[in-house]
Structures are given as structure tokens and as C-alpha cells.
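Have a look at the structure below before the remarks.
The values are calculated or read from the model by the stated rules, or taken from the named source; none is laboratory data. Computed from a predicted model, the values in this text were never measured in an experiment. As a convention, Cβ positions derive from the backbone with ideal geometry for all residues, glycine included, and neighbour counts pool all protein chains shown.
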Number of protein chains: 2
Amino acid sequence: MKIVCIGSGNVATHMAGEFKKKGHDLIQVWSRNSAHAEVLASSLASMAMTDLAEIDLNADLYLIAIKDNAISSVVRALGDVNGLVVHTSGATSIAELDRFSSHGVLYPLQTFSKAKAVDFKDIPLCIEATDADSLDKLRTIAAELSKLVYEVDSDKREILHLSAVFACNFVNHMYNLGAQVLRSHDLDFEMLRPLIMETAMKVQTEMPVNVQTGPAVRDDEQTILKHLELLESSPHLKEIYQTLSESIKKSN
Amino acid sequence: MKIVCIGSGNVATHMAGEFKKKGHDLIQVWSRNSAHAEVLASSLASMAMTDLAEIDLNADLYLIAIKDNAISSVVRALGDVNGLVVHTSGATSIAELDRFSSHGVLYPLQTFSKAKAVDFKDIPLCIEATDADSLDKLRTIAAELSKLVYEVDSDKREILHLSAVFACNFVNHMYNLGAQVLRSHDLDFEMLRPLIMETAMKVQTEMPVNVQTGPAVRDDEQTILKHLELLESSPHLKEIYQTLSESIKKSN
């Protein structure tokens, strides 16, 4: 396939790189920021550009991997392209791409860092299209990248995205609060890392509700009170400790 | 070493098993529950018992790995033993073992499930003793089990334990809330598992504050409002979403 990559962030970098690895031709890389476009284009042996008017109209795939709130303006500015146009956003409806005859969504449910390689085969890819031909194409494209392909409509994709805020964004914040507790007593976050890995490993085969541990789930009021006392000087952490302990008691 | 294992739960099972693997002699396993004592004792080629009065007074190591609130009564009931007596609790002071001439703490900062093997070498072991001789012994014992040995006093161990509530117990609860969001829309928790692993992997080399992602940290009010709307029928989840989003904004 001839592919145009619109965007130069984490998702664009990883997805375009993966298409390149699979032998596809990344003919153009667009970014608002010309330096970013150059960096990604050169790693893909592609051409960098910052003007959407220069985008080739006859590619097979247009991959829009940019910030959610930039999608509608890019869609308006893009010419009448002939290939399949997809965005990669969890929170954006497929309807945003309505003006293209062939369009769809290719949403990777994963967190990317530019510097860190991930194994694409294990990334859940959520696809959606409104016509059978585009859906067929997307199925083929997604199956080439990953062994975990799900057909998910825009409403459910929004729910997935919401659940990921709990299971990824809020989880990382819990790591951060743990690090704050340690730092305030000159203890090293390093000590928590094995526990963090094991906690994530456990739910790879079990449902979280079945492996909940800690003072709240065993109604250990003595330890909870001791912890609240230790947090006396951090009212913010204390409030979160109380809210989440109550929530665990309600859920388990 | 001749070792007496007092307790038959997850921690007792994993630690006693590891001592056995290293070639030590598990001479007795005590538990209030005779069936539990039998199961563990038979896997260790040891002797099960339920009466603390029968505990051998001349072992080298007494490993007290039982529920926090059971430690003081077991300590009172135990005879005047001659070896090193340690407990494995994060939240219990070393002072609870004062009546034994040689005593200390050997706290593994990890979450254990009976059925799941863990690599002991990578488990942080926190040790504490009040006299130099016991500390020396504990250093040797801990170094035989793990490459991650830390000397941590009772006050700091309590802080570690508190930080683990955030980084493990509350994290697992976030997984559970993510699963609840999915289930209410007939989506499979399976889809979140790769994201959960990657989120834990990221903080193995980075500090959590540097890899925070999601709508709250990028001040994406539009997505936050959309998510709160989706949670309208779950006031409990909505409250947690709001509290943690505010907390992320304050912390980052």
C-alpha cells in the first residue's frame, strides 16, 4: 500500500513505523511542525510536508494520527482523496470522517512512548467502518499489524477509552501518589517497582475483583486508621485514601 | 538452618518454600488450622502442628508469617526459643518481638498468590534488627533469598506499606473499576490487559509523574466532560473520576 501519515506524535510514529516494517510505502508524512515531520519522514524514508494541499490524492491509506481536537480542522483542509481515510482516536466518532467516500477507525488501545518499542502483535486494534468494502480493507490491514483485532462501534469505543482512563491514567497516578508518600520519607520508588509489575501480572489471568488485597478489602480498620494518621499532614492524599478504601468496601 | 514456620498463608507458603529450595530444613509448620498446616508441611517434608507448646525451642530461625492482628497472641504463647525470631509484617513494629533475645523483621514487599510462583530474587526484602548479631544473621539470610535487600526501620516500613496500598491495592481497584465500566457495556476486560501491562512497564524505568497521560494531565476539558456524562448513571464512579482528575491536575 501507498500510505500517507498525517501526524508525527507517538501514535503516528509507532503505527507508521509498523506499516513500514511490513513493507508498505510511506509516501508522505504531514505535521504542522516541520521539524517533527522531518524527523519521522526521514526514519520512514518518506517525504515531509506541512501543507495539507500537497497531500497526494491517490494513496491507498490515509492515517490520521493527531490530537483529537485537531481532527476536524485537518479533515476540512484535506483534499478529495481517493483512498481509505482512517483516524486512530478512541474518543472521536467515525462520523467526523463522513465527507470521505471510504473511511474508518483504527484505534490502538495502548499507551505509546516515542522512545520505547512495543510489540504491535499484542496491541488490541479496534476497527470500525460504515461500508462493507472499507471494513474489509480495515480487517486486512489490522490483521497484518496485530493478532488482537476487535470490531467496535463509536459508542463502545468511547466506553473503552473511558475504562482506559481508570486502568491506565488513574493507575499511573496511583503510582505517582505512592512515589510521593515514599519521597516525603526519603524512600526510593525503586522499592515499589517489583510490586507494581506483579500487581499488573496478576490481572492478566484473573479478574481484578478476585485478587483485591489490602486493608480495605479485609476490613482491617486498625491499619486504615494508622494509615490515615500517617497522612494527617497531606489532606489531599488522606481524602483519596478514604474515598478509595470506601469504594473497595462497596465493590468487593 | 533448622527453620520453624509459623503460619500457612501466602507469605508463609512462598517464603518457607524458598528456604526449602535453598536447602534448609523446615522442621515444623504451625497453623491454627490443622488442614492448612498439613498441606504446607507435606509440601515441605515437614511436621504439621497446631499447638505452639510443641514448637522446638532449638531451631535457628522462627519465621512468623501470620495475619498482623494475630502476631501478639502468638508471641505471647510461644516458648522461650533460642534462635532468631522474625516476623514478615509491613505494618507491625519490631518491638512486638522484644521478649525474644534475638529477633528481627524480614518483610517481603510483594503481593503473593498461593498458586502463582514468583521469582524470589526480585522481591525487595526489608530487614530490621536491634542488635548487631541478629542484623548480621538477617543480612545473610535475606541475601540468600533476594538480590534486593534493604535495611528499613519500623517507622519507614510502615510508610512503605502505606505507599504499597496506593501502588498495589488502589491500583488493582482501578483495574476493577475499568472492568466495571466495560462490563456495563458488554465489553471484555481482556481488551484492557495489554494496556495494563504496558502502564506498569513504563514506570520500571521512568518516574510515574513523567509518564502521566490522559485527559486530566493535558487539561482536555471536553473529554473529561464527555466521560462524566457517560458516568451519569454511576454517581460512585463519577465521584472517583472527578476526585482523581483533580488530583492529577494538582500533581502534574
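Considering B:E198, B:E239, B:E190, B:E221, the condition of being under 20 Å from A:F120 (Cβ atoms) and surrounded by fewer than 17 Cβ atoms within 10 Å (Cβ to Cβ) is satisfied by B:E190 alone.
Taking the range A:208-252 as the range and being farther than 17 Å from A:M174 by Cβ and of a type in the set (S, T, Y) as the test, the residues that pass are A:T223, A:S233. Meeting the requirement of 1 or more residues that are aliphatic (A, V, I, L, M) and more than 24 Å from A:M207 (Cβ to Cβ), the helices (runs of 4 or more DSSP H) wholly within the range B:120-214 are B:132-145, B:154-164.
Is it the case that the range B:236-246 has a residue that's part of a helix (DSSP H, G or I), basic (K, R) and at the interface with another protein chain (Cβ under 8 Å from one of its Cβ atoms)? Steps first, answer last, please.
Residues of the range B:236-246 that are part of a helix (DSSP H, G or I), as a first pass: B:236-246.
Next cut, basic (K, R) only: B:238.
This time we only want the ones that are at the interface with another protein chain (Cβ under 8 Å from one of its Cβ atoms), so: none.
No, that holds for no residue.
Would you mind stating whether B:S134 is touching a Leu at 6+ places or on another chain (Cβ under 9 Å) and either at positive phi or of a type in the set (G, A, S) (or both)?
Working: touching a Leu at 6+ places or on another chain (Cβ under 9 Å): yes; either at positive phi or of a type in the set (G, A, S) (or both): yes.
Here the answer is yes, as B:S134 does meet what is asked.
Farther than 23 Å from A:V86 by Cβ and buried (at least 19 other Cβ atoms within 10 Å of the Cβ): is that true of A:L162 in this structure? Break it down into steps so the answer makes sense when it comes.
Details: farther than 23 Å from A:V86 by Cβ: no; buried (at least 19 other Cβ atoms within 10 Å of the Cβ): yes.
Taking the combined requirement at face value, the residue does not satisfy it.
Counting only strands (runs of 3 or more DSSP E) that sit wholly inside the range A:1-112, those with at least 2 residues that are within 14 Å of another protein chain (Cβ to nearest Cβ) are A:103-108. Against the criterion of being of a type in the set (S, T, N, Q), at pLDDT below 95 and more than 14 Å from the chain's Cα centre (by Cα), A:S154 qualifies. Annotation: of all residues in the range A:78-123 being free of Cβ contacts under 8 Å to residues at least 24 places away in the same chain and exposed (fewer than 14 other Cβ atoms within 10 Å of the Cβ), the one that is farthest from the chain's Cα centre (by Cα) is A:D80.
Checking the structure you have, find out if any residue of the range A:196-209 is basic (K, R) and more than 27 Å from the chain's Cα centre (by Cα). No, the range A:196-209 contains no residue that is basic (K, R) and more than 27 Å from the chain's Cα centre (by Cα). Only one of the numbered conditions (1) farther than 30 Å from B:C168 by Cα; (2) surrounded by fewer than 19 Cβ atoms within 10 Å (Cβ to Cβ) is violated by A:E128, and that is (2). The single condition from (1) closer than 27 Å to A:I3 by Cα; (2) buried (at least 24 other Cβ atoms within 10 Å of the Cβ); (3) small (G, A, S) that A:A167 fails is (1).
Can you tell me which residue within the range B:242-251, out of those that are of a type outside the set (S, T, N, Q) and crowded, with 17+ Cβ neighbours inside 10 Å, is nearest to B:A179 (Cα to Cα)?
Step one: of the range B:242-251, the residues of a type outside the set (S, T, N, Q) are B:244, B:246, B:248-250.
Filter again for crowded, with 17+ Cβ neighbours inside 10 Å, leaving B:244, B:248.
Numbers: B:L244: 17, B:I248: 21 Å.
Of everything passing the filter in the range B:242-251, B:L244 is nearest to B:A179 (Cα to Cα).
Within the range B:129-181, the residues that satisfy the criterion of being free of Cβ contacts under 8 Å to residues at least 12 places away in the same chain and hydrophobic (A, V, I, L, M, F, W, C) are B:A132, B:A143, B:I159, B:L162, B:V165, B:F166, B:A167, B:F170, B:V171, B:M174.
When each of A:A77, A:A115, A:A129 is tested for being in contact with a strand residue (DSSP E or B) (Cβ under 6 Å, 6 or more places away or on another chain) and either closer than 23 Å to A:V29 by Cα or assigned by TED's automatic domain parsing to the domain that holds A:I6 (or both), the lone residue that passes is A:A129. Return the pair list, or none, for Cβ contacts closer than 9 Å from residues in the range B:182-199 that are at negative phi and at the interface with another protein chain (Cβ under 7 Å from one of its Cβ atoms) to residues that are exposed (fewer than 14 other Cβ atoms within 10 Å of the Cβ) and part of a helix (DSSP H, G or I), at least 6 apart or on different chains. Every condition considered, the pairs that remain are B:H185/A:D155; B:F189/B:R183.
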